[in-house]
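The structure appears right after this line, and notes come after that.
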Amino acid sequence: MVQANEAQRRALQKSMISLVVTVVIVAALLFGTAGTLNWLRGWWFMAAFIAAMLVSVGILWRTNPEIFVARSRVQAGTKWWDYIFLILIIGGLAALLPVAGLDYRFAWLQASDWLVVVGYLLFVLSFAGQIWPQARNRHFEPGVRIQTDRQHTVIDTGPYALVRHPGYVSGALLAISVALVLGSLVALLPAALVIAALVMRTIIEDRTLQQELPGYADYALRVQYRWVPGVW
């Protein structure tokens, strides 16, 4: 277990407060647009979401407590274009919830039970895919920047030995999984927006890192794929 300092403990406290606020907002977006509290898939998602977040916090606190400070806010020096991607990604993920709620309310295009099960499998994979890179990469910040203030170096172990941007893979899986576990095929539309933004962000971030981060161009020669080995 990695020992935490006082700043990291304060960041953990802020993260837990943010989690409570997030849960309230998620519930309001889901059940407010659904028009009822009698939505079993919505309640199962809430339970899975809370459990996954608590497990993530517990694992990361033991393995990389520094990540709570790094991810507490968008840091100074973040590239201007990344704010556009952050808005698209966060906005797309947030839009999934009311769209799914409206889909349930008006029964536009509900998914069958087997697709919901597939969604939960992807949901678990997506959280595992977020925890692993954050546990291994102290530079896993919310925004894209060259972290000269934190001795930014190339991370090439763990999932980064397989692909260069494992966090974005899990982000794409998360978007798809949320739509499916809520049983909404219509919600795959904002999920597609999230994935498109993640793809474009990957391309621009990767180019930036190759130009500005020492050692990254060599790393890109060793680990050739951004998301999926053998594909891209």
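Could you please let me know if residue 183 is over 16 Å from residue 126 (Cβ atoms) and surrounded by 22 or more Cβ atoms within 10 Å (Cβ to Cβ)?
Spelling it out, residue 183 is indeed over 16 Å from residue 126 (Cβ atoms) and surrounded by 22 or more Cβ atoms within 10 Å (Cβ to Cβ).
Do we have any residue at all in segment 205-215 that's in contact (Cβ under 8 Å) with a residue 12 or more places away in the chain, crowded, with 20+ Cβ neighbours inside 10 Å and among the hydroxyl-bearing types (Ser, Thr, Tyr)?
So far as segment 205-215 goes, no, none of its residues is in contact (Cβ under 8 Å) with a residue 12 or more places away in the chain, crowded, with 20+ Cβ neighbours inside 10 Å and among the hydroxyl-bearing types (Ser, Thr, Tyr).
Kindly list the number of the only condition in (1) open to solvent by less than 60 Å² (accessible area, probe 1.4 Å); (2) more than 16 Å from the chain's Cα centre (by Cα) that fails for residue 199.
Looking at each condition in turn, residue 199 falls short on (2).
Listed here are the residues, each with its yes/no results for (1) in a loop (DSSP other than H, G, I, E, B); (2) in contact with a helix residue (DSSP H, G or I) (Cβ under 7 Å, 6 or more places away or on another chain); (3) open to solvent by 60 Å² or more (accessible area, probe 1.4 Å); (4) of a type in the set (A, V, I, L, M, F, W, C).
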{"site": "41", "(1), (2), (3), (4)": "no, yes, no, no"}
{"site": "45", "(1), (2), (3), (4)": "no, yes, no, yes"}
{"site": "52", "(1), (2), (3), (4)": "no, yes, no, yes"}
{"site": "59", "(1), (2), (3), (4)": "no, yes, yes, yes"}
{"site": "62", "(1), (2), (3), (4)": "no, no, yes, no"}
{"site": "85", "(1), (2), (3), (4)": "no, yes, no, yes"}
{"site": "98", "(1), (2), (3), (4)": "no, yes, no, no"}
{"site": "118", "(1), (2), (3), (4)": "no, yes, no, yes"}
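Return the residues of segment 64-76 that are open to solvent by less than 60 Å² (accessible area, probe 1.4 Å) and not in a helix (DSSP H, G or I); say none if nothing qualifies.
Across segment 64-76, the qualifying residues are 64, 65, 72, 74, 75.
Mind telling me which of the residues 37, 93 ends up being out of contact with any Gly (no Cβ under 6 Å at 6 or more places or on another chain) and part of a helix (DSSP H, G or I)?
Only one candidate passes the filter, namely 93.
Does residue 103 satisfy being acidic (Asp, Glu) and open to solvent by 10 Å² or more (accessible area, probe 1.4 Å)? Please lay out each step first, then the result.
On the way: acidic (Asp, Glu): yes; open to solvent by 10 Å² or more (accessible area, probe 1.4 Å): no.
No: the conditions fail for residue 103.
The values are calculated or read from the model by the stated rules, or taken from the named source; none is laboratory data. Computed from a prediction, not measured in an experiment: that's the story for all the values here. Backbone-built Cβ (ideal geometry, glycine too); neighbour counts: all protein chains shown. Heavy atoms of the whole protein, side chains included, go into the accessibility calculation; ligands, DNA and RNA do not. Shrake-Rupley method; radii C 1.70, N 1.55, O 1.52, S 1.80 Å.
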